[in-house]
Amino acid sequence: MRVAPLALRLICLAWLWPLTQLNSSHFPSKRRYKDMYVGENTKQKQGGRVDLKMKKMDSTKSLLIKSEQLLRIEEHDFAMRPGFGGSAIPVGIDVQVESIDSISEVNMDFTMTLYLRHYWQDDRLAFPSSNNKSRTFDSRLVKKIWVPDVFFVHSKRSFIHDTTMENIMLRVYPDGNILYSVRITVTALCSMDFSSFPLDTQNCSLELESYAYNENDLMLYWKNGNDSLRTDEIVLSQFFIEDFQPSFGLAFYSSTGWYNRLYINFILRRHIFFFMLQTYFPTMLMVMLSWVSFWIDRRAVPARVSLGITTVLTMSTIITGVSASMPQVSYVKAVDIYLWASFLFVFLSVIEYAAVNYFTTVEEMKKVKGAKMPTSYNATQAMAFDGCFHDNEIDLTSFPEVSSTLNTDRNTQSRNSTISAPTEGTRLRRKHPLKQNLSFIMSNSYMIDSYSRVIFPLAYLLFNIIYWSLYA
């Protein structure tokens, strides 16, 4: 009895087993059709095309790891230079000057932005490549390999641009050749000579050198000779760039030895037009303005004194302004010679009027003493001898005239005393012409202004000819 139900169950299972296999073979197809349907709807929503093939995984997701493995960075000690223990490694330098940002005479420095490129070979970074193409990296890989430690001699400030990322490029070729480029702004010292300022020409240089490796370990050289230094079109406000020239030299340090040093030499010639407008032309006008006093009447004391003081103070202001924009050097500059010589001409014009006024007063006092002054005279007549009015504007009829007979007798006596023959044993004294001329000028003080109208302009013209022929 028990065998019959068991046999019946076995028969039912044997009959249902083919149907189960048939249904299981249809279910994956339905799932696949469902996935395709969902993927197709998604593609249509995104406006894309249906791709029935599976996409490959993006190879750049682990690019840095792959590059480190390809370059075998972990297998080498990059704290040591390539070829350690052997000959010096050659490092070529190539520079492209982007701009000269500023030149400061007060601080004696200049600021330059440039692209500094290094070329060398490191066999440790060689990698196999079927197409012989190089690989380019940014600053993240630079920190893990050896790079030359080039620095700028006599630099005050320098930095690598980091907008939007650090401006560093590393390019590695399959044979191990490396190009390392960086964009730098550096402020360096420039020893300037201002003896001819502002008619000067300055020679400045930017010097490159390895800090740790002397000539036995690293050899710096210009990659392409004179063509290794390239410049963009540079326009400066106060200077004209005459020449850019690379050069090479050696530097010796007593404790570490000889080092290779590269020079970027450039010659700057100053534009003179700015200083002509700001310094020279105003100075010339002040000197010529001081000559106007020679045409003003010598008795107009307030007019001539105020004009002289005004020109002197203006010249002092110009000299102070120029000195404030210049370094405190211990030698005389060309602009100092011009300004102080012009100041001397202005100052002499003031002294000239002081002499004219003094001699005029002396001359009038002699006239007063030579005549008998009346006991009573009004204030207007008294002021005629103080140099406040013209002689032709004063009525001097009230003053008594000196007797003509007295003057005639004096002239006769003086003539006789001059013509009389000298006695025996006396020596003839000859009057000096210079003293005679000086006494004549002192007795005719108005002639000082007449001579100054010619002497001052001619002397200043001669000074300008000599000055510009020496410095221009």
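Where a number appears in this text, it was derived from the coordinates with a stated rule and is not lab data. In this text the structure is predicted, and so the values were computed from the model without any measurement. We place every Cβ from the backbone using ideal geometry, glycine too, and count neighbours over all the protein chains shown.
Computed from the Cβ-Cβ distance with R0 of 51 Å, the FRET efficiency linking residue 340 to residue 211 stands at 0.60. Residues in the stretch 170-175 carry Karplus couplings, in order, of 10, 10, 10, 9, x, 7 Hz; the curve used is 6.51 cos²θ - 1.76 cosθ + 1.60 with θ = phi - 60°, and Gly or Pro positions show x. Taking the stretch 219-257 and a reference point 7 angstrom along Cα→Cβ of residue 273, the backbone N atoms nearer than 18 Å belong to 234-242. The label-point distance for residue 237 and residue 167, in a model that sets each label 7 Å from Cα toward Cβ, rounds to 2.2 nm.
How big is the Kirkwood radius of the stretch 89-270, worked out from every pair of different alpha carbons and given in Å to one decimal? Walk me through the numbers on the way to the answer.
Values: mean 1/r = 0.0561 Å⁻¹.
In the stretch 89-270 this quantity evaluates to 17.8 Å.
Placing pseudo-labels 7 Å out from each Cα toward the beta carbon at residue 453 and residue 251 gives an inter-label distance of 6.6 nm.
Taking amide H positions as modeled 1.01 Å from N, with prolines and chain starts lacking one, the residues under 5 Å from residue 231 and 5 or more places away or on another chain are 97.
Once phi is turned into ³J(HN,Hα) by the Karplus curve 6.51 cos²θ - 1.76 cosθ + 1.60 with θ = phi - 60°, what whole-Hz value does each residue of the stretch 353-361 show in order, with x for glycine and proline? Karplus-based 3J(HN,Hα) across the stretch 353-361 equals 5, 4, 5, 4, 5, 5, 5, 5, 5 Hz. Distance between the pseudo-spin-label points of residue 106 and residue 195 (7 Å out from Cα toward the beta carbon): 2.6 nm.
Residues in the stretch 258-272 carry Karplus couplings, in order, of 8, 10, 6, 9, 10, 10, 10, 9, 8, 10, 10, 10, 7, 6, 8 Hz; the curve used is 6.51 cos²θ - 1.76 cosθ + 1.60 with θ = phi - 60°, and Gly or Pro positions show x.
What's the extension gain from residue 75 to residue 96 if we count 0.36 nm per residue and subtract their Cα-Cα distance?
On the way: separation 21, 0.36 × 21 = 7.56 nm, distance 3.51 nm.
Result: 4.1 nm gained on full extension.
Between beta-carbons, use under 13 Å as the cut-off and find the net charge around residue 193, counting Lys and Arg +1, Asp and Glu -1. Intermediate results must be reported in sequence, preceding the final value.
Numbers: positive: 270, 333; negative: 105, 200.
My count for the surroundings of residue 193 gives 0.
Other residues whose C-beta falls under 15 angstrom from the C-beta of residue 84 contribute a net charge of -3, scoring Lys and Arg +1 and Asp and Glu -1.
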